[in-house]
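Peer 1: Supplied in structure tokens, the structure appears directly below.
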Amino acid sequence: MPEPSLPKNFLRRLKPRLPEMLATLRQFVSTESPSLEKAAADRCCEIIASAWRNRGARVERIAQKHRGDHLRVTWWPHKSRSAGQLLVLGHYDTVYATGTLAKMPFRISAGKAYGPGVFDMKAGIVQALFALEALQQSKTSLQKRLVFLWTSDEEIGSDSSRKLLEAEARRSDAVFVLEPSFGPRGLIKTARKGVGEAELIVHGRASHAGLAPQEGINAIHELALQIERMQKWNDLRRGVSINVCKIEGGTRTNVIPERAKAIFDLRALHATDMRRIEQRLSTLSPILSGARLEIHGGFSRPPLEHKISAGLFARAKSLASQMGLALGECTVGGGSDGNLTAALGIPTLDGLGAVGDGAHSAHEHILANTMPARAALLAALLAAK
Ligand SMILES: [Zn+2]
């Protein structure tokens with residue numbers, strides 16, 4: 001553990017930096033970075049890269065063909081003495097298409113900073129940048145190499161960044177995820193549900209509904225029966241939820257439909273439940289005679305189980321209390337890249353980023369004056385042995 005005064009020391013340094021933090025945030029938010037628009041995302045990537053370069057960190061741009069480039073930032077001041085690595089993880093892409101800024105420009109009003117991606121999660125990147133600055137200026141001797149990874153496709157499933165962030169996590173002793181915190185008190189996300197999507201396609205047999213109903217196999221009827229069956233897998237108390245979110249099937253009246261399809265949202269808080277659902281899905285059998293089922297998909301992000309974050313949360317809580325802050329924790333239903341690093345067994349603490357509300361919506365904002373303390377907390381976590 002660091003000296004008891006270290007978190008307070010960081011906070012004292014960072015409080016006067018708030019105007020500079022907000023100026024940097026304005027710059028990051030005012031450069032739109034939709035996951036699906038590479039050219040725009042790359043512009044934002046370069047702005048973020050230069051902010052880190054200006055702090056003397058080593059910045060590598062990991063080129064991507066279809067997505068924005070990923071950024072790997074390393075800070076390793078005393079190479080000979082460092083053993084091990086800490087990973088700070090986040091994404092700079094947002095769910096907002098180019099042009100959103102015209103409707104929701106970056107603005108600060110009544111202590112809140114608004115704008116696309118401000119909360120999820122550009123403020124988190126700014127906090128990490130100033131955490132590094134505080135570490136540098138206080139000349140804190142770091143025990144471990146620091147790697148900051150800023151990816152470009154978290155909001156669309158991390159297909160292009162998954163291998164990279166998993167490899168980086170495997171080299172790390174702990175992962176700190178700067179996704180938004182939860183609620184006005186900035187709760188840390190110490191458990192996240194695993195998330196998946198399954199597609200069920202039913203093949204029946206078409207027939208004239210009037211002339212030969214006995215020859216038809218109604219794919220919609222079969223699908224309805226399967227939905228009813230899967231609905232029973234729900235166990236909200238255990239954090240298991242299965243929801244059919246989209247259905248389609250049939251062509252017109254008069255025709256017994258030969259095809260129907262449904263898409264299911266899958267959530268589970270525990271890996272054992274995730275595996276049970278996947279097993280049930282893979283062994284799903286038809287109910288109507290002659291119907292055939294086709295099943296695709298499954299869980300894409302395993303759960304971030306509480307046990308993987310408990311130790312880091314205890315440390316964070318104690319560091320926060322040294323700054324006079326009460327740090328709370330929560331469980332959330334949504335996944336992040338923290339789910340991926342946790343699934344590798346690497347201690348992971350998620351939701352360390354900004355305090356605010358309205359992610360992915362028109363009123364997305366952060367509470368501006370919480371930024372220095374959140375940055376100080378991260379600096380203290382990175383300085384800890
Ligand atoms: Zn996010």
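The values are calculated or read from the model by the stated rules, or taken from the named source; none is laboratory data. Keep in mind it's a predicted model, so treat the numbers as computed, not measured. Quick reminder, even Gly has a Cβ in these numbers, built from the backbone with ideal geometry, and neighbours come from all protein chains shown. Ligands, DNA and RNA are stripped out before the accessible areas are found, and what is left, the full protein with its side chains, is counted by its heavy atoms. Shrake-Rupley method; radii C 1.70, N 1.55, O 1.52, S 1.80 Å.
Peer 1: Carbon and sulfur: what percent of region 103-226's accessible surface (1.4 Å probe)?
Peer 2: Carbon and sulfur: 51 percent of the exposed surface of region 103-226.
Peer 1: Now for a separate question. Compute the acute angle (0 to 90°) between the alpha-carbon long axis of helix 123-137 and the principal axis of greatest extent of the alpha-carbon atoms of the chain; round to the nearest 10°.
Peer 2: 30
Peer 1: Here's something else I'd like to know. As a test of understanding, state the convex hull volume per residue of region 99-257 from its alpha carbons, in Å³. Before the final figure, lay out each step's value.
Peer 2: Values: hull volume 36.8 nm³, N = 159.
Dividing the Cα hull volume of region 99-257 by its residue count gives 232 Å³.
Peer 1: Once you charge only the Cβ atoms, +1 for Lys and Arg and -1 for Asp and Glu, what is the size of the charge dipole of region 270-385 about its Cα centre, to the nearest 20 debye?
Peer 2: Details: 10 positive and 9 negative charges, 73 e Å.
My answer is approximately 360 debye.
Peer 1: Now, a different point. Expressed as an acute angle from 0 to 90° and rounded to the nearest 10, what is the orientation of the C-alpha long axis of helix 38-53 relative to the principal long axis of the chain?
Peer 2: Result, in degrees: 30.
Peer 1: In the chain, if the dipole is taken from +1 on Lys/Arg beta carbons and -1 on Asp/Glu beta carbons about the Cα centre, which of Gly90, Gly345, Phe10 is farthest to the positive end?
Peer 2: Ranked along the dipole, the leading option is Phe10.
Peer 1: Now for a different question. Can you pull out the trypsin sites (Lys or Arg not before Pro) in region 187-294 that DSSP calls coil and that have at most 11 other Cβ atoms within 10 Å? Don't skip to the end; give the middle numbers.
Peer 2: Details: sites: Lys189, Arg192, Lys193, Arg205, Arg229, Lys232, Arg237, Arg238, Lys246, Arg252, Arg259, Lys261, Arg267, Arg275, Arg276, Arg280, Arg292; in loops: Lys193, Lys232, Arg252.
Sparse-neighbourhood loop trypsin sites (Lys or Arg not before Pro): Lys232, Arg252.
Peer 1: Treating only the Cβ of Lys, Arg, Asp and Glu as charged (+1, +1, -1, -1), what charge dipole size does the chain show about its Cα centre? Round to the nearest 20 debye.
Peer 2: Values: 52 positive and 37 negative charges, 299 e Å.
In debye, rounded to 20, the chain gives about 1440.
Peer 1: Still on this structure, please answer the following. Report the Cα centroid-to-centroid distance between region 334-354 and region 1-71 in angstrom, as an integer.
Peer 2: 19
Peer 1: So, one more: Out of region 131-202, which chymotrypsin sites (Phe, Trp or Tyr not before Pro) are coil in DSSP terms and have no more than 10 other C-beta atoms within 10 Å?
Peer 2: On the way: sites: Phe148, Trp150, Phe176, Phe182; in loops: none.
Here no chymotrypsin sites (Phe, Trp or Tyr not before Pro) fit, given the DSSP loop and packing criteria.
Peer 1: Quick one: how many Å² of Lys38 are accessible to a 1.4 Å probe, rounded to 10?
Peer 2: Roll a 1.4 Å probe over it and Lys38 shows about 50 Å².
Peer 1: Right, here's the next one. Roll a 1.4 Å probe over the protein heavy atoms and report the accessible area of Met323 in Å², nearest 10.
Peer 2: Estimated to the nearest 10 Å², Met323 gives 20 Å².
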